[in-house]
Each structure stands twice: as C-alpha cells, then as structure tokens.
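Read the structure below first, then the notes.
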Number of protein chains: 2
Amino acid sequence: MNRFTFLFLLFFPVLGVAQENAFAEDAFFIRKIYDEALTRSRCYDWLNFLARRIGGRLAGSPQSAAAVEYTRRLLDSLQLDSVWLQPCMVPYWVRGDKEQVRIVNSQKMGTIELNALALGNSVGTGPMGLTADVVEVKNLDQVDSLGEALRNKIVFFNGPMDPTQINTFNAYGKAAGQRVWGASRASRYGALGVLVRSLTTRLDDIPHTGSTVYEDGVTPIPALAISTRDAELLSRLLREHPVRVFMRNTSQSLGEVPSFNVIGEIKGSEFPDEIILVGGHLDSWDVGAGAHDDGAGCVQAIDILHLARLMGYQPKRTIRCVLFMNEENGLRGARAYWKWSDEKGEFHMAAIESDRGGFTPRGFTADGHEEVFNEKFRKVIDWLPLLEPYGLNFRKGGSGADISGLKSQKGLLFGFEPDSQRYFDYHHTPIDGVDVVNKRELELGAAAIMSLVYLLDKYGI
Amino acid sequence: MNRFTFLFLLFFPVLGVAQENAFAEDAFFIRKIYDEALTRSRCYDWLNFLARRIGGRLAGSPQSAAAVEYTRRLLDSLQLDSVWLQPCMVPYWVRGDKEQVRIVNSQKMGTIELNALALGNSVGTGPMGLTADVVEVKNLDQVDSLGEALRNKIVFFNGPMDPTQINTFNAYGKAAGQRVWGASRASRYGALGVLVRSLTTRLDDIPHTGSTVYEDGVTPIPALAISTRDAELLSRLLREHPVRVFMRNTSQSLGEVPSFNVIGEIKGSEFPDEIILVGGHLDSWDVGAGAHDDGAGCVQAIDILHLARLMGYQPKRTIRCVLFMNEENGLRGARAYWKWSDEKGEFHMAAIESDRGGFTPRGFTADGHEEVFNEKFRKVIDWLPLLEPYGLNFRKGGSGADISGLKSQKGLLFGFEPDSQRYFDYHHTPIDGVDVVNKRELELGAAAIMSLVYLLDKYGI
C-alpha cells in the first residue's frame with residue numbers, strides 16, 4: 001500500500017465522495033510538486049549565482065543593483081504575465097575600513113585583538129579611533145541602573161543567546177534588543193561606544209553584524225559586534241582588572257539612494273484580484289554572501305513561479321513573487337510595497353515570507369488581523385493531512401518583517417519555518433555562503449511553499 | 001502561559017489527578033534533560049577527539065583499537081557500575097594503494113581519471129590492474145538479462161538513488177543492492193570487475209565506499225565505487241562509443257583479528273534484570289573520520305550515561321551503553337553481543353540504536369517481535385504528548401543492524417531518527433568529518449534519546 005492509498009483509506013470514512021476525490025487529487029498534485037522540485041528545480045543554481053557571483057548586497061550597494069538586475073532577468077525568463085521593478089529610496093551605509101577592536105591593557109597577555117564587525121547603521125569612531133574603559137552589562141535595563149557611571153565609557157553588552165531554547169529564533173528574539181537598542185540606551189548616559197556580544201549560541205571567533213537603531217535625540221555612538229569567544233575573554237578579564245579597549249571603525253551613512261523591489265506575477269484566471277504573495281528579501285549584509293539570509297528565500301520565491309510554469313499550472317488566483325529591498329537595515333522596500341498596494345486597493349488573500357534560512361522544512365507560522373485570523377486559520381488547519389506526510393505543520397506566530405504591513409488587508413500571513421538549529425551559526429556573518437546551504441533542503445522548502453500556494457489557490461480562504 | 005502549563009491544562013480533562021501530577025513531573029524532567037544536554041553535554045568534544053585525533057577506524061585497524069581504548073576510558077571516567085570490553089573476532093580488510101580508475105579510450109578527451117574508492121571487502125585487481133570494456137546496467141536484474149554478454153567485461157552499476165524520496169534512507173535502501181550484491185551477481189557471468197555509482201543524491205566528485213559481499217561459490221572480483229559525476233560522464237560516453245576502463249586496487253582481507261565491543265552500565269535499583277540498551281557502532285570506514293557514521297551515535301550513547309550522572313539520576317532499570325564493533329563490514333561485534341546476552345538469559349526490555357547521523361531529531365522508529373510488538377508500541381504512543389514539543393514522533397520501522405538480533409528477547413527496539421536530508425552527502429566518504437556535524441543538533445539527539453530512556457525506565461513496557 002503506498003502512502004496515498006493509505007491516506008485515502010484513512011479519510012474515507014469521514015469524507016463524502018466529492019471530498020474524497022478532491023483529497024486524492026490534492027495528494028497527487030502535492031506529490032508531483034515535490035517530484036518536480038527535487039528533480040528539476042533550478043533554485044540552488046540561482047542561489048549559487050547570487051551568493052558567489054554577486055555576493056553580499058546591502059541596500060544601495062552596487063551588488064544590490066546587480067541582484068536586482070539578475071533576478072529581474074530570471075523572472076523575465078519565466079514568461080510571466082508581468083515583471084516589474086518597484087522603486088524605493090533606501091539608506092546607503094558603508095562599512096569602511098576593516099574594524100579594529102583591541103584590549104590595550106591586559107596584564108597577562110599585552111595587547112589582544114578581538115574579532116569585530118561594525119553593526120549596520122553604526123557611525124564611525126573617527127579615523128583615530130577611541131580608547132576607553134569598558135563596563136560590562138547583560139541587558140538594556142542594567143544600562144539604566146548604572147546610569148551616569150557609563151559616562152565616557154565603552155559599554156559591553158554581553159547577554160548570551162539562551163542555548164536551552166529549542167527554537168533558536170526565540171533565543172534570538174530575547175537577546176537582539178541589546179544589538180538594536182544598546183547604542184541608543186548607552187548614549188543617553190554619555191557612553192562613547194558599545195561592543196555587543198554576537199548573536200549566536202556557538203562559541204567561536206566569528207563576529208555577527210546586524211542593524212543597530214539610533215533613537216531620535218540621542219547622539220549616535222559607534223557600535224561593534226565582537227565574537228562570542230572574544231566576549232567570553234573580555235568578560236573574564238573584566239573580572240580580574242579594569243580593561244581599556246581601543247576601537248576603530250570608519251563606517252558611515254551616505255544618505256538615501258534609489259533602489260527597487262523586484263516583482264513578477266502570474267495573473268489568476270478566475271479571481272485575479274485575490275493575490276497570493278511569496279517573497280523574501282533581496283538585500284543582505286555586506287559581509288558574507290547572504291546565502292541563507294535571504295538568498296534562500298528569494299530563490300524559493302522565484303521557484304514557485306518556475307514550478308508553476310514547469311507543471312503547466314494556471315492559477316485561479318494571482319501568484320506574485322516579491323523580492324523586497326532593504327529588509328536588513330530599513331525595511332524601505334517593504335514599506336513602499338505596502339503603501340503602493342494599499343493605494344491600489346489590493347487584497348492579499350495570503351502572503352508567505354521565507355526569511356529563516358534554506359533548511360529542512362518544518363511548516364509555517366500563521367498570523368493575521370485579529371478580526372479574521374481565527375476563522376481563517378481554522379480553514380488552513382484542515383489541510384494538515386495533506387502536508388503532514390512532508391513533515392509540515394502550522395502554528396500561530398509572526399510571519400515576517402516584509403509582509404507584516406499587509407495585515408490590514410485582512411488576508412492570512414505565513415512565515416515559512418525551516419529547522420532552526422543551524423541558522424544562527426551563519427546569520428549575518430562572513431560564512432553565510434552557498435556551501436552551508438544544502439541543495440535538497442532548499443528544494444524541499446520550495447516544494448513546501450508551493451504546496452501551500454497550491455492549496456490557497458485552489459480553495460481560497 | 002508557558003508550555004508546561006499549557007500541556008498540563010490541555011490534558012487536565014482526560015487524566016486523573018495522579019496522572020496529571022506524573023505528567024507534569026515528566027514534562028519537567030524532560031525539559032531538564034534538554035537544558036542539561038544543551039549546556040553541559042560533552043558529546044561534541046568527544047566526537048571531535050574520535051573524529052580528528054583517531055579518525056577512520058575500520059574494524060581490526062590500529063585506529064579501531066584506539067577508539068576502543070578512548071571510549072573505555074571515557075566510560076571509566078563516568079564512575080559507572082561496570083565497564084567492560086567484550087571480545088569478538090572481526091575481519092580485517094585493508095584498502096591498499098590509492099585506487100585508480102581511468103577511461104583509456106575516450107575519443108574526445110583522451111585518458112580520463114575517475115574518482116574511485118574500493119568497496120569494503122573487495123579483492124584487489126592485482127598489482128598490474130585490469131583493463132576491459134564496460135557494460136552499463138541499472139540494477140541486478142539487468143545483469144541476469146545480459147548474462148553471458150558480461151564475460152570478461154567490467155560491469156558498471158549505474159542505478160541512481162531516487163531523489164524524490166523524502167526520507168533519503170528509503171532511496172538508499174532501494175539502491176544499495178547493486179553495491180552489496182553487484183560483484184557477486186556479475187561474477188556469475190564471468191565479469192572481471194565492477195564499478196558502482198556512489199550512493200548519494202548529490203552530483204559531485206566524491207566517491208562513497210561501503211561493503212560488498214561475495215556470495216558463497218562465486219569468484220570474488222574487484223568492486224569499486226565511482227563518484228556520481230563520473231558515473232554520469234561514463235554513462236554519457238557509453239552512449240557514444242564503446243568505453244574501455246583501466247582499474248587498479250590492491251585491497252585485501254588479512255583474515256580475522258581480535259577486537260571488542262565497549263560496554264558500560266548503570267545497574268537498575270528496582271529491576272536490574274530489565275535492560276535498556278543505548279548504542280551505536282564504534283567502527284567506521286577507513287576513509288574520512290566517521291563523524292556522522294557513527295561517531296555521533298557512539299557519543300550520544302555515552303552521553304546518556306553522562307547525563308544520568310550529571311542529573312543524579314538513579315535508574316530503576318539497568319541502562320547499558322554498547323558501542324558495537326564491525327557494523328560496517330561484518331556485524332561481528334553485534335553477533336557476539338546477541339549470543340552472549342541470549343546465553344546469559346538476559347532481557348532487553350528496550351534497545352535504542354543511533355546510526356543515522358547527528359542531525360536534528362525527528363523521532364524514533366520502533367520494531368519488535370510480532371507476538372508483542374503492537375501491544376507494546378501502543379504503550380509508548382501514550383508518551384507522545386511529552387515528546388512532540390521537542391519535534392519527536394514514533395513510527396513503525398526497522399530499528400538498526402546492531403540491535404536487530406535482540407528481537408527474540410521480545411522487548412521493543414528503537415532506531416533514533418534524525419532529519420535524513422544531509423546524511424548521504426557524507427555517508428562513507430572522506431568528508432564525513434566533525435566539521436559537518438552541528439553541535440546543537442548532536443546534543444538535541446542525546447537529549448531525545450535520554451528522554452525516551454527516562455520514560456522507558458520510569459514506566460517500563
């Protein structure tokens with residue numbers, strides 16, 4: 001007995017004949033999606049080009065323009081109903097010289113170089129760098145307790161990601177505040193700069209960048225991430241004696257420049273005004289190649305349209321692939337998209353974002369406007385028997401930054417959820433390359449998303 | 001509301017008060033197992049030593065002796081009730097010189113070297129190698145159809161692993177016959193040697209070894225694996241013109257030598273005669289470092305006893321860690337263990353084998369004697385609400401080669417089942433090193449196994 005017969009028999013007693021037939025047809029079609037994705041997908045090749053030939057592509061950079069052009073051509077090659085670039089203005093930040101962070105007064109080891117990366121949006125220290133005593137804190141609240149004691153100091157945020165969280169995104173969510181808001185908070189009390197422990201559960205020498213945000217009214221001060229092993233070292237030395245650190249970075253913001261979201265769609269044959277969006281973000285950090293974050297999500301989104309074409313699938317509803325610009329340090333592409341879509345009076349019946357890496361699929365988080373969410377979520381739960389054989393599940397939870405602004409259109413928002421264990425080994429680092437993305441895992445992700453798109457398109461919600 | 005309260009409330013309506021309390025206690029203890037495993041496990045360090053400092057450790061090799069000694073000392077350091085070496089005789093096979101496989105008559109490209117590895121147990125070609133025309137087949141049945149046409153030929157088994165199987169072990173199971181039995185089958189018809197397509201869904205240059213078996217009465221002929229990309233090349237050339245190949249290997253079997261299973265146990269306080277076995281196999285192929293196969297399973301098995309000690313857990317039943325010798329090319333350690341255990345009249349209430357890599361846990365397969373299996377399996381299904389929060393499930397299916405012979409004792413046999421997508425990228429290759437094992441994934445595996453051990457120990461079956 002094969003798995004379809006089994007599923008079929010399993011549901012036979014509770015379904016009417018029409019439903020049985022629909023179930024069998026859906027099971028068959030989803031199996032075919034997986035067969036196609038695992039044998040004819042091109043998404044790994046596309047990722048290879050994006051990561052190796054273009055590389056890191058921070059919004060506003062020449063590489064981000066190359067990524068726009070490459071993916072536009074890719075979409076063009078799929079013979080879609082329309083492909084277009086949607087303009088947006090993005091902040092253009094540049095890292096500058098290789099960062100220097102060094103302990104200058106270690107009593108045992110002399111000068112010690114630390115592995116560091118400026119946080120995105122950080123201002124520079126000035127060409128001469130700055131030197132100051134270090135004060136360690138574990139979180140933002142401790143900054144407020146210490147207050148004026150931080151004046152003219154370098155504040156060292158050393159709150160580790162909790163390794164006991166099974167879903168690493170939960171641990172990230174709890175620890176990321178110090179990276180995003182640490183510089184602003186420390187600046188309130190006159191600190192000169194901040195160092196932030198890299199956001200990973202690993203103990204290694206790789207610094208992780210990521211955005212920092214300056215609140216209105218605070219003096220921007222330089223903010224750099226250091227590797228977890230260096231954070232442990234610095235903390236140990238601080239328990240022994242006062243530590244002075246020299247830090248230097250020449251990062252700067254170069255104002256706003258024009259850029260684009262890249263969009264392609266297949267028009268629905270019956271309900272063209274009901275849009276199913278699949279998307280990822282095309283920009284990445286400048287270090288590394290942005291393979292998991294979020295080249296993977298982009299090529300999976302493109303692959304949905306490619307798989308539809310391969311399979312000769314004509315959707316009833318409009319399937320739109322959106323590659324958002326500037327998720328990492330501004331979300332300006334997404335904001336432009338939401339505004340434009342709202343102004344056109346569009347209805348996104350569903351949106352699926354893939355921005356948690358190209359790992360083995362586990363399912364989808366679902367979110368939506370409170371007025372409609374519970375009722376709509378109940379509907380998709382009915383599809384679980386079709387998705388569970390592929391290891392997929394649904395759970396309530398945030399969908400993704402780039403589609404979050406579509407909530408007001410009262411459709412359903414999904415976040416594609418792959419296995420989370422390895423994501424923060426690579427996230428925002430120089431080692432987020434295509435060599436740490438597994439081809440099958442990436443393809444299974446495309447198949448999982450396409451299966452959900454198929455059910456959304458066929459049944460609506 | 002945290003997840004325990006949630007689970008607790010979820011089950012409140014259907015459980016009696018005593019059961020509620022037990023459930024809450026179990027949920028708490030399992031959470032504690034995960035906390036310990038994710039913060040205090042040493043299993044990644046042990047694997048690092050086994051893989052980097054000892055390396056490939058085929059049964060009978062000096063490295064296998066080093067692995068026996070290292071793991072015995074590890075177990076000794078845990079202050080168990082007993083640690084011992086169980087003698088067994090194992091076949092000692094050596095690979096010899098670096099293998100050579102080359103196409104000698106390519107019309108366009110001249111001589112072409114192929115990436116090859118002798119299959120384990122293979123005889124050698126003799127020092128001068130052999131040269132013959134190649135005949136391609138897709139499976140064993142085609143050998144029988146071709147019959148005498150294979151005389152004095154090299155038979156090239158080119159059956160690919162089916163990439164559309166979601167669980168890669170299913171695809172492996174279907175394709176492995178050509179590697180195991182191909183040489184014997186081809187030899188029946190007078191073939192001189194065989195080349196076998198490597199067992200992986202990847203297209204790359206890495207040959208995968210693995211055992212071949214010579215059936216009684218056939219003339220042993222040399223059997224070598226070639227990489228999948230080279231298999232594609234060879235197949236393409238064969239469609240264009242007859243292809244002659246030179247192959248040379250100097251592998252040989254050096255008879256039987258003494259070796260050992262490594263065993264340690266904590267005696268049960270109430271039911272010492274009910275044994276819960278956790279195990280992996282200590283031998284690996286000689287190429288690569290045997291990190292996923294099966295260093296991972298060994299260090300996880302050791303970690304069960306380590307975690308018990310860390311947590312001050314005194315089991316009611318006997319928990320025994322067994323590191324089996326010679327799984328890869330003979331299963332002689334396992335056979336010695338089964339015989340010894342049966343002769344002592346032991347009862348393995350349960351046995352859990354970890355031999356599918358150190359990836360993110362998905363659950364356990366379960367198997368057992370047909371007289372008792374269904375009833376016993378129903379019992380463990382009741383534990384799912386405690387395990388599902390950690391992404392674990394049970395399904396019926398084979399447990400593992402090393403514990404399969406314990407079925408006659410009528411306990412339950414489990415195979416630990418991690419995510420299977422990446423396993424055959426590394427399986428039996430030079431790249432199966434500790435760098436492709438993720439620390440968290442490995443630790444989560446130890447926690448998953450320990451959680452099952454805890455429930456087995458507490459409730460029995």
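Coordinate-derived values only; no laboratory data. Note that the structure is predicted; figures quoted are calculated from it, not measured. Here the Cβ positions follow ideal geometry from the backbone for every residue, glycine too, while neighbour counts run over all protein chains shown.
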* Calculate one ³J(HN,Hα) per residue across the range A:115-125 by plugging θ = phi - 60° into the Karplus curve 6.51 cos²θ - 1.76 cosθ + 1.60, and present them in order as whole Hz with x for glycine and proline. => 7, 9, 9, 4, 6, x, 5, 4, 6, x, 7
* Of all DSSP beta bridges in the range B:96-250, antiparallel share, percent nearest 5 -> 55
* Distant-in-sequence amide H partners of A:PHE156 (H built 1.01 Å from N, under 5 Å) -> A:VAL135, A:GLU136, A:VAL137, A:LEU195
* Structure fact -> Reduced to Cα centres, the span from the range B:57-100 to the range B:136-199 in Å works out to 32
* **Phi to ³J(HN,Hα) by Karplus 6.51 cos²θ - 1.76 cosθ + 1.60 over the range A:22-37, Hz, x for Gly, Pro** => 4, 4, 4, 5, 5, 4, 5, 5, 5, 4, 5, 4, 5, 4, 5, 5
* Asked: Tilt of helix A:332-343 relative to the longest C-alpha principal axis of chain A, in degrees (0 to 90, nearest 10)?
  -> 40
* How big is the range B:13-170 by Rg and Dmax over its Cα atoms, in Å? -> 26.2, 80
* Kirkwood Rh, chain A, all Cα pairs: how many Å? -> 23.2
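Over chain A, what is the relative contact order in percent, taking alpha-carbon pairs closer than 8 angstrom and at least six residues apart? Could you put the intermediate results ahead of the total?
On the way: 1075 pairs, mean separation 95.2, N = 461.
Value for chain A: 21 percent.
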* Angle, helix B:296-310 long axis vs. longest principal axis of chain B, Cα atoms, 0 to 90°, nearest 10? -> 20
* Asked: What are the residues whose amide H is under 5 Å from the amide H of A:GLU274, where those residues sit 5 or more places off or on another chain and H is modelled from the backbone?
  -> A:THR318
* Structure fact -> The Kirkwood hydrodynamic radius of the range A:330-380, taken as the inverse of the mean 1/r over all distinct Cα pairs, in Å, comes to 13.5
* Asked: Using modelled backbone amide H atoms (1.01 Å from N, in-plane), which distant-in-sequence or interchain residues come within less than 5 Å of A:ALA223's amide H?
  -> A:LEU119, A:VAL123, A:VAL194
* How big is the antiparallel share of DSSP beta bridges in chain B, given as a percent to the nearest 5? -> 55
* Asked: ³J(HN,Hα) across the range B:94-100 via Karplus (A = 6.51, B = -1.76, C = 1.60, θ = phi - 60°), whole Hz, x for Gly/Pro?
  -> 10, 6, x, 4, 4, 5, 10
* Structure fact -> From the cross-link list B:LYS379/B:LYS410; A:LYS376/B:LYS379; A:LYS174/A:LYS439; A:LYS174/B:LYS439; A:LYS267/A:LYS376; A:LYS267/A:LYS410, the entries with a Cα-Cα span beyond 25 Å are A:LYS376/B:LYS379; A:LYS174/A:LYS439
* To do: Rounded to the nearest Å, what's the spacing between the alpha carbon centres of the range A:420-461 and the range B:406-461? Just the number, please.
  => 24
* Mean shadow area of the range A:161-220, taken as a quarter of the surface of its Cα convex hull (nm²) -> 4.6
* Structure fact -> Computed from every Cα-Cα pair in the range B:96-250, P(r) in 5 Å bins starting at 0 and rounded to whole percents is 2, 11, 20, 25, 22, 13, 6, 1, 0
* **Sorted peptide list for A:426-439, B:235-248, B:393-406, criterion being average Cβ within 10 angstrom, highest first** => A:426-439, B:393-406, B:235-248
* Asked: Between copies, how far does the label point of A:ASN152 sit from its twins, in nm, shortest first, when each point is 7 Å from Cα along Cα→Cβ?
  -> 9.5
* Stokes-Einstein at 37 °C, 0.692 mPa s, Kirkwood radius from Cα pairs: D for the protein assembly as shown in µm² s⁻¹? -> 109
* To do: Using only Cα atoms, tell me the angle between helix A:177-188 and the longest principal axis of chain A; keep it within 0 to 90° and round to the nearest 10.
  => 40
* **Size descriptor, Kirkwood hydrodynamic radius, that averages inverse alpha-carbon separations across the range B:303-452, Å** => 16.5
* Net charge, A:GLY147 excluded, C-beta distance under 13 Å - Lys, Arg +1, Asp, Glu -1 -> +1
* Scattering curve values for the range B:242-356, log₁₀ I(q)/I(0), Debye with Cα scatterers, q = 0.14, 0.16, 0.19 Å⁻¹ -> -0.65, -0.80, -1.04
